[in-house]
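**Q** I have a structure here, written as structure tokens, and I will follow up with some questions on it.
The values are calculated or read from the model by the stated rules, or taken from the named source; none is laboratory data. Every value quoted in this text rests on a predicted model; they were computed, and no experiment measured them. A quick note on method: Cβ atoms are made from the backbone with ideal geometry, for glycine too, and the neighbour counts reach across all protein chains shown. Surface accessibility is based on the protein's heavy atoms, side chains included, excluding ligands, DNA and RNA. Shrake-Rupley method; radii C 1.70, N 1.55, O 1.52, S 1.80 Å.
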Amino acid sequence: VLQGYAAEMDNPLMAHLISPELQNKKDILFGNMEEIYHFHNRIFLRELENYVEYPELVGRCFLDQMEDFQIYEKYCQNKPRSESLWRQFSDSVFFQECQRKLDHKLSLDSYLLKPVQRITKYQLLLKEMLKYSKNCEGAEDLQEALTSILGILKAVNDSMHQIAITGYDGNLNELGKLLMQGSFSVWTDHKKGHSKVKDLARFKPMQRHLFLHEKAVLFCKKREESGEGYEKAPSYSYKHSLNMAAVGITENVKGDAKKFEIWYNAREEVYIIQAPTPEVKATWVNEIRKVLT
């Protein structure tokens, strides 16, 4: 893909086949695939080859390179831009010519999906290895490698949602790390304001998608998904946020194991939040507690 497509975009002999709108868009289309390729080719593959005789110790190899695996996050974040560019130009003569020369049965988009599939496959491979490596040297490393890869997958998934937030004025990066994101039913109860509003609010919950950052929690409204395939990412319109410095939490709301409360400015605003399951509630409560302490 890097030689037969990406490099060809810079080939003067192919220039006449590339439409002007596609020129200079190489980085959008291929993201940091080259970086991923070099990491595997120069570093990771060589490391793996050291363990050919000792496959049960391969967990160490993942742990040593774990930081490098974050290059996949960058690739996945760029993927929606790459997809929409591909959809505009998928029938371009340039791509057809490259595909013909390479004698590929599949078109470029199938290959652009490979890194996304690869990062999700590592956890399956590690799970399989763990299954057959109980009680042997290296099992702990394998388990730790699996946990780390699952952490990277969660970060990739969270960041895919985060880039779909619209209407937020500030810079999301200034809110610190994104810790959790998910959909909830939310009831509000504000001291200020009309008592009628209060009564209405009691009964009908709003559906909100929450993003918990180190410095703030964002409430967004999920918009319906559009597009197809990978592009079927929903988008989230920003409604309001609470600064974590002024937030308090009540872990149990009577009558429902799935509910907890987030309150603001000494209970001036109270948000009753219902998670889909008690387990989801527990992980959120724990994360919020960590931030607050």
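**Q** Students often check this: by mean Cβ neighbours within 10 Å, which of 17-24, 216-223, 279-286 ranks highest, and how do the rest follow? It would help to have the intermediate numbers written out before the result.
**A** Numbers: 17-24: 13.0, 216-223: 19.4, 279-286: 15.9.
Result, highest mean first: 216-223, 279-286, 17-24.
**Q** Just to verify a number: FRET efficiency for residue 206 and residue 65, C-beta to C-beta distance, R0 = 35 Å, to 0.05?
**A** Details: r = 43 Å, r/R0 = 1.24.
Step by step, r from the Cβ atoms, then E = 0.20.
**Q** Here's another thing I want to ask about it. For residue 249, which sequence-distant residues (separation of 5 or more, or a different chain) have an amide H within less than 5 Å of its own amide H, given hydrogens modelled in the peptide plane?
**A** Result for residue 249 returns 263.
**Q** How much accessible area per residue does region 1-104 have, in Å², with a 1.4 Å probe?
**A** 58 Å²
**Q** Now a separate question. Using only alpha carbon pairs under 8 Å that are at least six residues apart, calculate the relative contact order of the chain and give it in whole percent. Intermediate results must be reported in sequence, preceding the final value.
**A** On the way: 392 pairs, mean separation 41.8, N = 293.
Normalised by residue count, the contact order of the chain is 14 percent.
**Q** To continue, here is another question. Could you give each residue of region 60-75 its phi-based ³J(HN,Hα) in whole Hz, using Karplus coefficients 6.51, -1.76, 1.60 with θ = phi - 60°, and x for Gly or Pro?
**A** 4, 4, 5, 5, 5, 9, 3, 4, 5, 5, 5, 4, 5, 4, 4, 4
**Q** Here is a follow-up. With the chain treated as a Gaussian network of Cα nodes joined by springs under 10 Å, which of 161, 213, 104 yields the largest mean-square fluctuation?
**A** With Cα springs under 10 Å in the chain, the top fluctuation among 161, 213, 104 is at 104.
**Q** Moving to a separate point now. How much net charge surrounds residue 97 when only the other residues with a Cβ under 14 Å from the Cβ of residue 97 are counted, with Lys and Arg +1 and Asp and Glu -1? Don't skip to the answer; put the middle values down first.
**A** Values: positive: 100, 101; negative: 8, 91, 103.
Result for the local shell: -1.
**Q** Express in Å², to the nearest 10, the accessible area of residue 91 obtained by rolling a 1.4 Å probe over the protein heavy atoms while all chains stay in place.
**A** 110 Å²
**Q** With n ≥ 4 as the cut-off for DSSP H runs, can you work out [θ] at 222 nm for the chain, using -39500 (n - 2.57) per run divided by the number of residues, rounded to the nearest 500? Could you put the intermediate results ahead of the total?
**A** Numbers: 11 runs with 124 residues, N = 293.
Taking each H run of at least 4 residues, the total per residue is -13000 deg cm²/dmol.
**Q** Going Cα to Cα from residue 258, which aspartates and glutamates come in below 15 Å? Please leave out same-chain ones fewer than 8 positions away.
**A** Here the aspartates and glutamates satisfying the reach criterion relative to residue 258 are 279.
**Q** Can you tell me the FRET efficiency between residue 3 and residue 121 if r is taken as the Cβ-Cβ distance and R0 is 35 Å, rounded to the nearest 0.05? Numbers along the way, then the final one.
**A** Working: r = 24 Å, r/R0 = 0.67.
Efficiency computed from Cβ-Cβ geometry: 0.90.
**Q** Within region 78-168, count lysine pairs with alpha carbon atoms under 18 angstrom apart where the residues are 8 or more positions apart or belong to different chains. List each step's numbers first, then the result.
**A** Values: 79/114; 79/121; 79/154; 105/114; 121/131; 121/154; 127/154.
Value for region 78-168: 7.
**Q** Sequence-distant or interchain residues sharing an amide H contact under 5 Å with residue 213, placed H: which?
**A** 179, 218
**Q** Here's something else I'd like to know. Provide the solvent-accessible area of residue 64, counting protein heavy atoms only and rolling a 1.4 Å probe, rounded to the nearest 10 Å².
**A** Answer for residue 64: close to 80 Å² accessible.
**Q** Take the chain, connect every pair of alpha-carbon atoms lying under 10 Å apart with a spring to form a Gaussian network, then pick out the residue of 153, 124, 212 with the largest mean-square fluctuation.
**A** Comparing 153, 124, 212 in a Gaussian network model of the chain, the most mobile one is 124.
**Q** So, one more: Might you work out the accessible area of residue 168 for me, using a 1.4 Å probe with all protein chains in place, and round it to the nearest 10 Å²?
**A** Its accessible surface works out to 60 Å², give or take rounding.
**Q** Under a 5 Å amide H to amide H cut-off, with H placed in plane at 1.01 Å, what residues pair with residue 239 once short-range neighbours are removed?
**A** Correct list: 219, 220, 221.
**Q** For the chain, what % of the accessible area comes from carbon and sulfur atoms, probe 1.4 Å?
**A** Values: 8680 of 16970 Å².
C and S fraction of accessible area: 51 percent.
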